[in-house]
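Below is one structure, written out as structure tokens; the observations come after it.
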Amino acid sequence: MSRAAIAELLQAGLTTKAIARRIHVHTRTITAVRRELDLPPARPGPKPSAPEAIFWRRTRPTDDGHLLWTAPGRQLRGGDNKVSVYRVAFRIGNQRDPVGNVMTGCGRNRCVHPAHVEDQPMREQYKAIFGEAP
């Protein structure tokens, strides 16, 4: 693997061990590239991530346009709080906080596609227009 690839992964914030596992190079090589780039040594421990970043890492698109949640459970840690993955998907898709419960509107189990989740006012509007929930 080239030093350019290692440099790209280092600048993306991956740890030395994560890079070694991903591209199968010795940690000494990664440390040498880190020194060449004048990057500080990696700090051990978990890296805080925004719930949105975690959301994208734990989903898998399907061939039929859905986005399935692949992790166990349906909650993410958002700082000191836990947040529903459906609420995160809703915020991504609608750029606002949801009102009431958020559920998938497409009917596909474990689908968290931001365009497929609905909050309570959206379901009520659909019901008012069409006379029933989808």
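The values are calculated or read from the model by the stated rules, or taken from the named source; none is laboratory data. The structure presented is a predicted model; accordingly, all values stated were derived computationally and were not measured. Reconstructed Cβ throughout: ideal geometry from the backbone, glycine too, with neighbour counts over all protein chains shown. Surface accessibility is based on the protein's heavy atoms, side chains included, excluding ligands, DNA and RNA. Shrake-Rupley method; radii C 1.70, N 1.55, O 1.52, S 1.80 Å.
List of remarks:
- Looking only at segment 104-119, residues that are open to solvent by 60 Å² or more (accessible area, probe 1.4 Å) and either of a type in the set (Lys, Arg) or at pLDDT 95 or above (or both) come to 3 in all.
- Which listed residue is open to solvent by less than 100 Å² (accessible area, probe 1.4 Å), free of Cβ contacts under 8 Å to residues at least 40 places away in the same chain and outside any helix (DSSP H, G or I), from GLY100, GLY65, GLY93: GLY100
- If you go through segment 10-37 and pick out every residue that is more than 21 Å from the chain's Cα centre (by Cα) and not in a helix (DSSP H, G or I), you end up with 4.
- Look at segment 108-119: where a residue is among the small types (Gly, Ala, Ser) and a partner is surrounded by fewer than 21 Cβ atoms within 10 Å (Cβ to Cβ), sitting 6+ places away or on another chain with Cβ atoms under 8 Å, you get ALA115/GLY93.
- Unique residue being surrounded by 10 or more Cβ atoms within 10 Å (Cβ to Cβ) and either in contact with a Pro (Cβ under 8 Å, 6 or more places away or on another chain) or free of Cβ contacts under 8 Å to residues at least 12 places away in the same chain (or both) when the list is ALA12, ALA32, ALA5: ALA32
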